[in-house]
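The values are calculated or read from the model by the stated rules, or taken from the named source; none is laboratory data. Computed from a predicted model, the values in this text were never measured in an experiment. Cβ: placed from backbone, ideal geometry, glycine included. Neighbour counts: every protein chain shown. The protein model used for the area step is the full one, side chains on, heavy atoms only, and it has no ligands, DNA or RNA in it. Shrake-Rupley method; radii C 1.70, N 1.55, O 1.52, S 1.80 Å.
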Amino acid sequence: MSAHDSRKYTLTLTAEQAGPFPGSTESLWFDPVAEGLRLRNIPFFVDGLALDDIVGLRALDDGTWTLDRVVRPSGNSTVWIHLDEGRQRPWLDALARRTGCRFEGGVI
């Protein structure tokens, strides 16, 4: 699968997923696979998903998408950690390197 096969889908967030953050959608990258779509990045807001899960999405009338089902879980986990503004995260970087984890940052 080449990088140009990936497609970004904008998923509508529930009120609970959006929480206090300004926004009602999250855009995620997926690769098409035989069983559905493989998630290629770590979600910030959409719960119930992890990197490399294969999912089915359903189109909504407004042009966004919603998670229809997880076809095949990847076995990966998504853990959300909120650090107060201005906090250093060297301990998190070190932990990720030691355990082989990946992370994304910069939501707010």
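A few comments on the model shown:
- Relative to the dominant Cα principal axis of the chain, helix 90-99 is inclined by about 60°.
- With only the Cα atoms considered, the chain has a convex hull volume of 122 Å³ per residue.
- Charge-dipole axis of the chain as Lys and Arg at +1 and Asp and Glu at -1 on Cβ define it, positive-most pick from 99, 78, 22: 99
- Considering only 36, 48, 19, the Gaussian network model of the chain with Cα springs below 10 Å gives its largest mean-square fluctuation to 19.
- Between the stretch 25-39 and the stretch 59-84, the alpha-carbon center distance in angstrom: 10 Å
- Relative to the current alpha-carbon distance between residue 101 and residue 5, full extension at 0.36 nm per residue lengthens the span by 32.1 nm.
- Potential extension, residue 74-residue 59 segment - 0.36 nm per residue separation minus Cα distance: 3.1 nm
- Note that the chain presents 68 Å² accessible area per residue, ligands and nucleic acids not counted, probe 1.4 Å.
- Per-residue ellipticity at 222 nm computed for the chain from its helices equals -3000 deg cm²/dmol, with DSSP H segments shorter than 4 residues left out and the rest contributing -39,500 (n - 2.57).
- If only the Cβ of Lys and Arg carry +1 and only the Cβ of Asp and Glu carry -1, the dipole of the stretch 1-104 around its Cα centre is close to 420 debye.
- Sparsely packed loop sites in the stretch 1-95 (the trypsin sites (Lys or Arg not before Pro) outside DSSP H, G, I, E and B with at most 15 other Cβ atoms within 10 Å) comprise 87.
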